[in-house]
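Visitor: One structure, pasted below without further comment.
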Amino acid sequence: MLGTKVVIDYRRCRRCGFCSTVNICYSPNLCIGCFSCFYSCPYQARKIVRKPINAEFVKIYVDGIEYSVPSDITLAEALEGYCGFKLGTPGSKIPSIACRTGGCWSCALIIDGKLERVCITSARNGMKIETSVEKFEPLRIVHGPSPHTVGGKGTPWWEVDYINYVEAAIWVAGCNLRCPQCQNYSITYDNVSQPMSPREAAVAIVYCHKEYNTRGIAISGGEPTINRRWLIEFFREVSKRVSPKVRRHLDSNGTILTPDYIDELVESGCNNIGVEPKCVKTETYMRITGLSNNDLAKKYLTTAWKAVEYIYERYSDKVYLGVGLIYNKDLISMDEIAEAGRKIASIDRKIQVTVLDYFPTFRRRDIRRPSVSEMLNVKKILEDQGLETVIVQTIVGHIGPKNHRRVEL
């Protein structure tokens, strides 16, 4: 019998240390096919192969019932394939498979009395698993907090003077996309750092907010929304500790921001949302995000754009909305930038739009960072579609409405 496993391609390996310090293997003596190392290696020095399976079967206990499962597959696969337990999809209210690399902790169940991730854990003989996790606080790997002078896609442009701190921010690990030019890949693929509960993260970020007198509190990633229970509880905990006037900002790719999820976020205190659809065409989205499944890419892109419309139509009086696009000539055309501009302008010309200049990093090192003149051309094209609040990120800083800018030499 053949199974799918991962092996090291030593011709590509640069011995960068990423697999020993940021995203480590939790079953080093036996590949269980979790693919965490395959997704996260910056130099693509992992390859998937078909290999014979000579697995031992071990006994595990799920909610007190004994099952016999192979020892060389992930616990997630064992639970779904041998125990009849169904994990949810990203953003579900139940434990779900989301990032598949161990950073988001959304798949965590109670294993031998402790919360642990089933996406990167193998079965051990005698393991006791409880599937009801409500009695435990959810966990997630968090970087920060840190004070920021610029903020994110949804930070109101007029608050940013590039001198004073505008937000206290955290970044969470784990993402449901596989962008080859991931701008925060050392955070996104972190499965090593000690996780935090929503309450712990809230206490830390509120302390940072008060210490630096910021105008807002922000969470970015990775992708914050893929661990739904954690994110909702985080905003509730933050909202208990700050004035209602403080901005509580979510930066998201928007891929799973369905109306019911948005409603829950607003109810929990989130009053500032930046959504990044990135582009308008499915084939472009696949090129940017690294997704290979056309149907999934189309679903994610459609959901993100519908989230923009829903937030505007339902919550324009309660939530400050920002929309994120990207530009690099190797990833998206100026014609598609214009099309995205028209799409946003048809909702409201005043919606804040931020365009990121995607630069070479992670696995996509062959692209060239757009010049300042290119990004100014992007800005003009969007403004020509009627948009009134366009900000472009450039190599010398951000340039916004009326040339409101920061220059870094």
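Visitor: Mind checking which residues of the stretch 26-38 are surrounded by 17 or more Cβ atoms within 10 Å (Cβ to Cβ), among the hydrophobic types (A, V, I, L, M, F, W, C) and in contact (Cβ under 8 Å) with a residue 40 or more places away in the chain?
Guide: 31, 32, 34, 35
Visitor: Moving on to the next point. Can you tell me how many residues within the stretch 179-195 are more than 13 Å from residue 289 (Cβ to Cβ) and surrounded by fewer than 22 Cβ atoms within 10 Å (Cβ to Cβ)?
Guide: So the answer is 6.
Visitor: For residues in the stretch 118-145 being part of a loop (DSSP other than H, G, I, E, B) and polar (S, T, N, Q), which is farthest from residue 169 (Cα to Cα)?
Guide: Ranking the candidates gives 125 first.
Visitor: Could you pull out the residue among 246, 280 that is within 16 Å of residue 344 (Cβ to Cβ) and out of contact with any Pro (no Cβ under 6 Å at 6 or more places or on another chain)?
Guide: Sole residue among the options that is within 16 Å of residue 344 (Cβ to Cβ) and out of contact with any Pro (no Cβ under 6 Å at 6 or more places or on another chain): 280.
Visitor: Of all residues in the stretch 369-383, how many are crowded, with 22+ Cβ neighbours inside 10 Å and among the charged types (D, E, K, R)?
Guide: 1
Visitor: Separate question: Report whether or not residue 100 is outside the structural domain of residue 195 (by TED's automatic domain parsing) and at pLDDT below 95.
Guide: For residue 100, the condition - outside the structural domain of residue 195 (by TED's automatic domain parsing) and at pLDDT below 95 - is not met.
Visitor: Condition test on residue 150, is it within 23 Å of residue 221 (Cα to Cα), of a type in the set (A, V, I, L, M), outside any strand (DSSP E or B) and touching a Phe, Trp or Tyr at 6+ places or on another chain (Cβ under 8 Å)?
Guide: yes
Visitor: Working only within the stretch 57-91, note down all residues that are of a type in the set (Asp, Glu) and over 23 Å from residue 256 (Cβ atoms).
Guide: 63, 66, 72
Visitor: Filter the helices (runs of 4 or more DSSP H) completely within the stretch 272-371 down to those with at least 1 residues that are in contact with a Gly (Cβ under 8 Å, 6 or more places away or on another chain) and assigned by TED's automatic domain parsing to the domain that holds residue 253.
Guide: It comes to 294-315, 334-345.
Visitor: Out of the stretch 153-172, which residues are part of a strand (DSSP E or B) and either among the aromatic types (Phe, Trp, Tyr) or surrounded by fewer than 17 Cβ atoms within 10 Å (Cβ to Cβ) (or both)?
Guide: Answer for the stretch 153-172, where residues must be part of a strand (DSSP E or B) and either among the aromatic types (Phe, Trp, Tyr) or surrounded by fewer than 17 Cβ atoms within 10 Å (Cβ to Cβ) (or both): just 171.
Visitor: For the stretch 242-259, does any single residue satisfy the condition of being part of a helix (DSSP H, G or I), closer than 18 Å to residue 315 by Cα and either assigned by TED's automatic domain parsing to the domain that holds residue 311 or among the acidic types (Asp, Glu) (or both)?
Guide: Looking for residues that are part of a helix (DSSP H, G or I), closer than 18 Å to residue 315 by Cα and either assigned by TED's automatic domain parsing to the domain that holds residue 311 or among the acidic types (Asp, Glu) (or both), one finds at least one in the stretch 242-259, hence yes.
Visitor: Count, please, the residues in the stretch 214-247 that happen to be surrounded by 24 or more Cβ atoms within 10 Å (Cβ to Cβ), within 16 Å of residue 321 (Cα to Cα) and not hydroxyl-bearing (Ser, Thr, Tyr).
Guide: Going through the stretch 214-247 one residue at a time, the tally reaches 4.
Visitor: Would you point out the residue of the stretch 62-97, among those that are outside any helix (DSSP H, G or I) and among the charged types (D, E, K, R), that is modelled with the lowest pLDDT?
Guide: 72
Visitor: Could you list all residues from the stretch 1-24 that are touching a residue at least 24 places away in the same chain (Cβ under 8 Å) and under 23 Å from the mean Cα position of the chain (by Cα)?
Guide: Within the stretch 1-24, 18, 21, 22, 23, 24 meet the criteria.
Visitor: Can you pull out every residue in the stretch 80-136 that is under 25 Å from the mean Cα position of the chain (by Cα) and among the aliphatic types (A, V, I, L, M)?
Guide: Once the filter is applied, which keeps residues that are under 25 Å from the mean Cα position of the chain (by Cα) and among the aliphatic types (A, V, I, L, M), the stretch 80-136 yields 87, 94, 97, 98, 108, 109, 110, 115, 118, 120, 133.
Visitor: Specify the residue that is surrounded by the most Cβ atoms within 10 Å (Cβ to Cβ); the eligible residues are those in the stretch 384-403 that are charged (D, E, K, R) and at pLDDT 95 or above.
Guide: The qualifying residue surrounded by the most Cβ atoms within 10 Å (Cβ to Cβ) is 388.
Visitor: As an exercise: evaluate residue 106 against (1) surrounded by 20 or more Cβ atoms within 10 Å (Cβ to Cβ); (2) not in a loop (DSSP other than H, G, I, E, B) and give the number of the one condition it does not meet.
Guide: Exception for residue 106: condition (2).
Visitor: Looking at the structure I just gave you, is residue 5 outside any loop (DSSP other than H, G, I, E, B), buried (at least 17 other Cβ atoms within 10 Å of the Cβ) and out of contact with any Pro (no Cβ under 7 Å at 6 or more places or on another chain)?
Guide: Yes.
The values are calculated or read from the model by the stated rules, or taken from the named source; none is laboratory data. What you see is a predicted model, and the numbers here were worked out from it, not measured in a lab. Backbone-built Cβ (ideal geometry, glycine too); neighbour counts: all protein chains shown.
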